[in-house]
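The values are calculated or read from the model by the stated rules, or taken from the named source; none is laboratory data. Remember, it's a predicted structure, so these values are computed and weren't measured experimentally. Note that we place each Cβ from the backbone using ideal geometry, even for glycine, and neighbour counts take in every protein chain shown.
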Amino acid sequence: MPIRIDEKNLKKGVLGLVVALVEIITELLEKQAILRIENESLNDEEIERLGEALADLNEALETIKADNNIEDTVESVRCGLDEVVDDVVDKLMNPSRWAKEVEKHDRNRPCEIPLLDS
């Protein structure tokens, strides 16, 4: 499934992609922070600083999206990335489906002429 970027406005598309990726990375950082808090590997001061930094980052991302009117673009990119990840995970969990897709692709590919060694 291709990721759809607003082709009419490449700047919005690229900015939307960058913001979507930063949002995903931020979510991963938040999950890692929660794990570290649960494992008690952060002191109170570190927890406070980390929380403030993540809140500031989320606020900055929301401001960038609003200022550049890219909310829909970011959501579209995120949905496209979600579909790609879901497809990859499904193929890893169902290797027989993956093999059938490869066979189908190979049957539909035009004949290739091998290059002869000189």
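Figure legend. Inter-residue proximity from region 22-44: first residues more than 16 Å from Ala55 (Cβ to Cβ), second residues in a loop (DSSP other than H, G, I, E, B), beta-carbon distance below 6 Å, spacing 6+ or different chains. Indicated pairs: Arg36/Leu42. Here Glu40, Glu59 are screened, and the one residue that is surrounded by fewer than 11 Cβ atoms within 10 Å (Cβ to Cβ) and modelled with pLDDT of 95 or more is Glu59.
The condition of being within 30 Å of Glu103 (Cβ to Cβ) and not hydrophobic (A, V, I, L, M, F, W, C) holds for only one of Asp67, Asp44, Asp72, Asp90, that being Asp90.
Pairs meeting the criteria (first residue in region 83-101 and in a helix (DSSP H, G or I), second residue among the charged types (D, E, K, R), beta carbons under 6 Å, at least 6 apart or on different chains) are Trp98/Lys91. The set of residues in region 25-40 that are within 16 Å of Arg78 (Cβ to Cβ) and acidic (Asp, Glu) comprises Glu27, Glu30. Taking the criterion of being within 23 Å of Asn9 (Cβ to Cβ) and either part of a helix (DSSP H, G or I) or small (Gly, Ala, Ser) (or both), would at least one residue in region 49-61 satisfy it? Yes: region 49-61 contains one or more residues that are within 23 Å of Asn9 (Cβ to Cβ) and either part of a helix (DSSP H, G or I) or small (Gly, Ala, Ser) (or both). So Leu35 passes all but one of these: (1) touching a helix residue (DSSP H, G or I) at 6+ places or on another chain (Cβ under 8 Å); (2) part of a helix (DSSP H, G or I). Which condition number does it fail? The number of the failed condition is (1). Filtering region 71-88 for residues that are modelled with pLDDT of 90 or more and loosely packed, with under 13 Cβ neighbours inside 10 Å leaves a non-empty set. Filtered by the rule that a residue be in a helix (DSSP H, G or I) and under 17 Å from Lys11 (Cβ atoms), region 64-82 gives Ile64, Lys65, Ala66, Asp67, Asn68, Glu71, Asp72, Thr73, Val74, Ser76, Val77. Every listed requirement among (1) touching a helix residue (DSSP H, G or I) at 6+ places or on another chain (Cβ under 7 Å); (2) modelled with pLDDT of 80 or more is met by Trp98 save one, (2).
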